[in-house]
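The values are calculated or read from the model by the stated rules, or taken from the named source; none is laboratory data. Since the model is a prediction, treat every value here as computed from it, not as a measurement. Every residue, glycine among them, receives a Cβ derived from its backbone with ideal geometry; neighbour counts consider all protein chains shown. In case anyone asks, the SASA skips ligands and DNA or RNA and just uses the protein heavy atoms, side chains included. Shrake-Rupley method; radii C 1.70, N 1.55, O 1.52, S 1.80 Å.
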Amino acid sequence: MKADLILTQSRMNAIPLLQASSFTDLCWHLRMPFKIGQPKKQIVSKTVERDFEREYDKLQKLEDQTKKLHKDMKKSTEADIAMSKAAVKISGDLLSNPLCEQDQAFLESMTALDTAMKRMDSFNQEKVNQISKTVIDPLKKYSSVFPSLNMAVKRREQALQDYKRLQSKVEKYEEKEKTGPIMVKLHQAREELRPVREDFESKNKQLLDEMPKFYHSRIDYFQPSFEALIRAQVVYFTEMHNIFSELTDQIDQAGLTDEQRERENEAKLNELRALSIVADD
């Protein structure tokens, strides 16, 4: 694991996707007891193990939060698209209403509404495309790094178990009577232990150094995405304000307040209720 885990958006495409279980599953597997002899010598201090677990836990939560945010953003954009498509369908249905053939004013109003809904749908599609490129895709790429990190943690755990096994073997020979054959085996065990110990210490140090860096890199990585999300929303709602202001000017009846329109509609509804075909028996 030589590559630096501090990641930026420009480097994410170069990160290979390794097959691995989720952080949660990996946690469970790594805590399963291994059937090996436990050495008397403490391999990893409680402070180091506590630091490792703390940083590891933070990354598990980061993975879960990243996946959830990615899922929620996809749902949000899908809902946006469905909303604007539904609005276009409604305006199209109204425009095809037979009343448009009989009432020129109604036809003009529905034509204006249909044009506005199509413009809204177009701007909404632009907004969704922008969010997909600047927010959703970067979230997906960021999530793709966690399997590599999972594998690094798993390799560190395997190195630790090998270290414990060989340390226990060395201790076993150290406790025996110092005969010639035993001293030979002790020397061989120590030689076998040395590269395994160095391998674990290297993996352990690298993870302890790089896990905090990876965690803190999330701010620099995601800030441009969230800024782009805000800009996309501002542009979209500015256009919506312009579209609906124009629509209001086209279909609004001058001089009527909302209360007056409500009273007018209620009066017309009462006239309908007074018809014999809808009167209560």
Item to check | Within region 120-135, tally of residues that are surrounded by fewer than 17 Cβ atoms within 10 Å (Cβ to Cβ) and either touching a strand residue (DSSP E or B) at 6+ places or on another chain (Cβ under 6 Å) or within 24 Å of ARG218 (Cα to Cα) (or both) | outcome: 3
Checklist entry - For region 35-154, which fully contained helices (runs of 4 or more DSSP H) count at least 3 residues that are free of Cβ contacts under 8 Å to residues at least 12 places away in the same chain? => result 46-95, 99-102, 104-131
Checklist entry - What are the residues in region 166-206 that are open to solvent by 40 Å² or more (accessible area, probe 1.4 Å) and more than 26 Å from ARG156 (Cα to Cα), if any? => result GLU174, GLU175, LYS176, GLU177, LYS178, THR179, GLY180, PRO181, MET183, VAL184, LYS185
Item to check | Answer residue from region 246-275, given it is among the small types (Gly, Ala, Ser), over 22 Å from ALA116 (Cβ atoms) and not in a helix (DSSP H, G or I) and is nearest to the chain's Cα centre (by Cα) among those | outcome: GLY255
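Conditions (1) open to solvent by 60 Å² or more (accessible area, probe 1.4 Å); (2) more than 15 Å from ARG218 (Cβ to Cβ); (3) out of contact with any helix residue (DSSP H, G or I) (no Cβ under 8 Å at 6 or more places or on another chain); (4) at pLDDT 95 or above, marked per residue:
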{"site": "LYS58", "(1), (2), (3), (4)": "no, no, no, yes"}
{"site": "LEU62", "(1), (2), (3), (4)": "no, no, no, yes"}
{"site": "LYS68", "(1), (2), (3), (4)": "yes, no, yes, yes"}
{"site": "LYS85", "(1), (2), (3), (4)": "yes, yes, no, yes"}
{"site": "SER96", "(1), (2), (3), (4)": "yes, yes, yes, no"}
{"site": "CYS100", "(1), (2), (3), (4)": "no, yes, no, no"}
Next on the checklist: List pairs: first residue in region 198-212 and in contact (Cβ under 8 Å) with a residue 12 or more places away in the chain and within 15 Å of GLU49 (Cα to Cα), second residue basic (Lys, Arg) and open to solvent by 20 Å² or more (accessible area, probe 1.4 Å) anywhere in the structure, Cβ distance under 8 angstrom, at least six positions apart or on different chains.
Outcome noted: LYS203/ARG155; MET211/LYS58
